[in-house]
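Enquirer: Take a look at this one; I'll ask things after.
The numbers here are math on the coordinates, done by the rules we state, and not lab data. Computed from a predicted model, the values in this text were never measured in an experiment. Using ideal geometry, Cβ is built from the backbone for each residue, glycine included, and neighbour counts are taken over all protein chains shown.
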Ligand SMILES: [Zn+2]
C-alpha cells in the first residue's frame, strides 16, 4: 500500500501565546519543511489532485505529498504564500466560510479570537494562483456532536458560500478540529465534496476512505530530520482503518458534554 503524506498546518507565524503555540509554525521552520521536500524531490499536489489520482486507480509517482492549511488565516497569505511561491509548490487552504473577512472567533477561549481571516477578494486571488480553496464549515463547530441537520447545514452552506465567492467548484472539506464520524463523512459526501480530510497523525494511502483522509500535524518542534522520518513513514501508521478506542471514548465524552451544555475543549486534533 502506497503511503501518501498530507501535511496539516494552521498558522504560519510566531506566537507568544502558550495556549495557541501548538498551532503555529514560524516562517523560518516552514521554510525548512519546504526545503526538505525539495531536497528529497517530493512532488507536491493539492489534496484534490491527489484524490483525482487515487480515483483514477493509477499508481502514484513515488514521493508525492500534499500541503494543507486549516482555517483561512491572513497569515497564510502573508507568511506561507511567499515561501510556497519560492518553491513553486501548490497547497490546499481550508476556509471557515462564515467568517470570511472577519476573525477567528472560535479561538476566543484561547485568547486568539481576533486573528484575521482572509477576505473574498484575497481568496479569489489565491485561487487564481493555483491554491486550492477547500471548505472548513461555516463557524468551526465540532460537527460530530451536532444534530444531523445542523451539521449538514455547516458543511453544505460552506461549500455554497465558497463557490459563490470563487465562481468555481469547491471539492475538498476539512473537519473542524479534525473531528469526524461515520455520519459527518456521509454528510460531506452528500454535500457534493469529492474528499474530506481529518487529522489522525498518519499517512494517507490508496484505498483509504476519500472522506476520512489522514493528515500529519506539522508543529514548530518538528525539525528537518524528524519531518523526513515522518514522510517516509517512520513512527507513524499508514491510514489506520478505524478509530482507536481512545478517540472513540473521547468522542463519547464530548457528545455528553455537548448534551449537558458543558464547555468543551477548543482543539484536540490528536484525538480525531
Ligand atoms: Zn480549524
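Enquirer: Over segment 3-271, what relative contact order in percent results from Cα pairs under 8 Å that are six or more residues apart?
Expert: About 20 percent, as a whole number.
Enquirer: Is the shape of segment 70-219 best called rounded, prolate or oblate, per the rule: a/c under 1.5 gives rounded, else a/b larger than b/c gives prolate, else oblate, with a ≥ b ≥ c the square roots of the Cα gyration tensor eigenvalues?
Expert: rounded
Enquirer: Still on this structure, I have one more. For residue 169 and residue 234, compute 0.36 nm times the residue count separating them, minus their Cα-Cα distance, and round to one decimal in nm.
Expert: Length difference between fully extended and current span is 19.8 nm.
Enquirer: Further question on the same structure: Per-residue counts of other Cβ atoms within 10 Å, averaged by peptide: what ranking do you get for 51-57, 21-27, highest first? Display every interim value, and only then the final one.
Expert: Values: 51-57: 14.4, 21-27: 19.1.
Highest-to-lowest ranking by the protection proxy: 21-27, 51-57.
Enquirer: Taking only Cα atoms and a 10 Å spring cutoff, compute GNM fluctuations for the chain and point out the largest among 169, 144, 70.
Expert: 169
Enquirer: Helix-derived [θ] at 222 nm for the chain: sum -39500 (n - 2.57) over DSSP H runs of at least 4, divide by residue count, nearest 500?
Expert: Taken over the chain, the calculation gives -10000 deg cm²/dmol.
Enquirer: Highest mean first, what order results for 104-110, 43-49 on Cβ atoms within 10 Å? All intermediate terms of the calculation are to be shown ahead of the outcome.
Expert: Values: 104-110: 17.7, 43-49: 21.0.
For the peptides 104-110, 43-49, the packing ranking is 43-49, 104-110.
Enquirer: What order, most packed first, do the peptides 224-232, 29-37, 88-96 have when packing is the mean number of other Cβ atoms within 10 Å of each residue?
Expert: Most protected by this proxy first, the peptides run 88-96, 29-37, 224-232.
Enquirer: Related question: Apply the a/c threshold of 1.5 to the C-alpha gyration tensor of the chain and tell me whether it is rounded, prolate or oblate.
Expert: Verdict is rounded for the chain.
Enquirer: Please report how far the C-alpha centroid of segment 20-74 lies from that of segment 122-171, rounded to the nearest whole angstrom.
Expert: 20
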